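Inspection log for the structure reproduced underneath, given as structure tokens.
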Amino acid sequence: MDRPHLETLTIEPQMAFGSIKNVSKIFSAGELLSRSAEPVVALDDASFDFEQGQLVSLLGPSGCGKTTLLRIVAGLIPKTSGSVVIGDHEVVEPLGDYGFVFQSPSLMPWRTVIDNVLFPMEILKRNNKAARQRAGELLELVGLSGFVGARPHQLSGGMQQRVALCRALIHAPQLLLMDEPFGALDELTRMEMNDLLLRIRRETGASVLFVTHSISEAIYLSDKVIVFSRRPARVAQEIPIDLPYPRSQRTRFTPAFTQAERIASEALGVLPPVDEKGTPS
Amino acid sequence: MMSRLVAQIGYPLAGVAFILAAWVFVCWAGNLPTVVLPTPDKVFYAFIARFDLLVSEGWVTLKETLYGFLLALVIGLPMAVAVANSRPLNLMFYPLLIGLQSVPKVALAPIVLVWLGTGMESKLAIVWLVAFFPIIVDTVAGLRSTPRELLELADSLRASRLQIFLKVQFPAALPFVITGAKVAITLAVIGAVIGEFVGSSEGLGFLLLSATSQLDTPLAFAALFALSVLGMFVYLLVELAERLAAPWLPPPSQRH
Ligand SMILES: Nc1ncnc2c1ncn2[C@@H]1O[C@H](COP(=O)(O)OP(=O)(O)OP(=O)(O)O)[C@@H](O)[C@H]1O
Ligand SMILES: [Mg+2]
């Protein structure tokens, strides 16, 4: 029941849009920044699928390898074993068709708001009039039409993150990779951003992989929540969220929501399953 | 409004007035002869009377300073790019550069003079020597500290190396380059003067030295004053370049 990757192992001819199969990542001692002598197993045999247009959250304790998985899906770093297929492509290098949102807005201070949004179009050599118009529309969608010519440092953290969201959407990517994008925001702004993300997803039809530490955020947003265990990260549980869209903040107070929260908490190990003995460490 | 004016102009003026008063007091109380310490008015008189001389000698020093500084930029920036982007070059030269940075380069001035003579070339070499290191070291540091997210963003879009350099790495390093350039221009003035001290027949450093040896202390002080003005002028030039090249940085006056 809680071994979903056994299912995905049995070959299905009708493949999902995104398919992560038995992906492992071991950072060898020599690799990059690692100063420790021992190799680090960041991902251990992680598997899950998602359909086009689905929003899937990756939930797990800090350091369990969620960012590493996103980087592998993006083709930024090589995996040690396993396969990642997005659309029709086996990912071995960046496909150039992803939107990226990081925990920090990571805007370029030397660019105005609109030029930050247009950065991907410049790289893709598609920075034409239509792109500028789309950038304007996106900024309007996130409520920043008055700040088109502003510099990032003139915006609040939440506003900067909305610019980062527009930058991730400007080239109409098929897949959005979001790494704790709202983690640094206050609760209220975060809820607004959640609703904004759901609206954008509805309007663009993009698939989203969404990393978060927040159980309720994961459930509120997702079609499916993938819960990772402690490092080395394995998929501890796949939790389908059967709450109907469009969701609103009221959804948080439905029994189905609470039920999903309980299941996720148990999967994370923050809630001891069944009996009340033993407190979580 | 009024109080801000007082704060911004009044206080600095009061500071200058205080120093002048202290200067006059020392001259008067110590009964010092002009050769030892001329009173401010004598210095001022010398400055006005020998203004043409100060300007022509100052022009020489200014050229040495700016040319040497530009040479340091022109050579330092490409070398910084090479050292920052090539792992072998970085391993070979970065520790060396850091080590050499703390060597007092002006101590090489006499040797440089032996090599290049007393003309403009030796001054350029000395100025270059002192200005080069802060520029290359700071630029390398800047180029190597590009935020990881921005590099990943560019990578995920399959940006070319040239695109990454021009659109991400270099602009992100620009504040570092500017910091290095500000240190470099200050050192460049010192380098020019040292070069002139060691062996020269023109420039404010030479004037300072010859005026002192002729016991014309007021002129020496006037030359010193001219040097300060020159130093401030070239520093402001760099700040102006900063405002043009990096208008997104907060103005220097708001940074402290
Ligand atoms: N470049 C690297 N070299 C060596 N080890 C790395 C590297 N990147 C990540 N790791 C290791 O891999 C593990 C997983 O890191 P990762 O950043 O993916 O975790 P995470 O789940 O995103 O954590 P968080 O929720 O805190 O962001 C960590 O133990 C980390 O030390
Ligand atoms: Mg992470």
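Assorted remarks:
- Residue count, the stretch B:146-162 (criterion: within 7 Å of another protein chain (Cβ to nearest Cβ) and either on the phi > 0 side of the Ramachandran plot or buried (at least 17 other Cβ atoms within 10 Å of the Cβ) (or both)): 10
- In the set (1) surrounded by 12 or more Cβ atoms within 10 Å (Cβ to Cβ); (2) over 27 Å from B:Ala192 (Cβ atoms); (3) outside the structural domain of B:Ser228 (by TED's automatic domain parsing), the condition left unmet by B:Ala84 is number (3).
- Hits in the stretch A:44-72 (condition: over 13 Å from the mean Cα position of the chain (by Cα) and in a strand (DSSP E or B)): A:Asp44, A:Asp45, A:Ala46, A:Ser47, A:Phe48, A:Asp49
- Qualifying residue in the stretch A:157-167 (condition: within 14 Å of another protein chain (Cβ to nearest Cβ), under 16 Å from the mean Cα position of the chain (by Cα), within 16 Å of ligand 1 (Cβ to nearest atom) and not in a strand (DSSP E or B)): no
- Selected residue (criterion: farthest from ligand 2 (Cβ to nearest atom)) from residues of the stretch A:191-250 that are assigned to a loop (DSSP other than H, G, I, E, B) and closer than 15 Å to A:Pro181 by Cβ: A:Ala206
- Of all the residues in the stretch A:116-136, those that are more than 11 Å from chain B (Cβ to nearest Cβ) and out of contact with any Lys or Arg (no Cβ under 8 Å at 6 or more places or on another chain) number 10.
- Highlighted here are the helices (runs of 4 or more DSSP H) found entirely within the stretch B:103-209 that include at least 1 residues which are under 24 Å from B:Glu64 (Cα atoms): B:109-116, B:120-143, B:170-198.
- Conditions (1) touching a residue at least 24 places away in the same chain (Cβ under 8 Å); (2) away from ligand 1 (no atom under 16 Å from the Cβ): number failed by A:Pro232: (2)
- Residue within the stretch B:186-203 that is under 30 Å from A:Phe100 (Cβ atoms) and touching a residue at least 12 places away in the same chain (Cβ under 8 Å) present: no
- Among the residues of the stretch A:94-117, the ones that are more than 16 Å from ligand 2 (Cβ to nearest atom) and either in contact with an Asp or Glu (Cβ under 9 Å, 6 or more places away or on another chain) or not aromatic (Phe, Trp, Tyr) (or both) come to 15 in all.
- Scanning the stretch A:256-270 for residues that are modelled with pLDDT under 90 and loosely packed, with under 15 Cβ neighbours inside 10 Å gives a single hit, A:Val270.
- Looking only at the stretch A:83-115, residues that are closer than 17 Å to B:Val168 by Cα and more than 10 Å from chain B (Cβ to nearest Cβ) come to 3 in all.
The values are calculated or read from the model by the stated rules, or taken from the named source; none is laboratory data. The structure displayed is predicted, hence computed values, not measured ones. We place every Cβ from the backbone using ideal geometry, glycine too, and count neighbours over all the protein chains shown.
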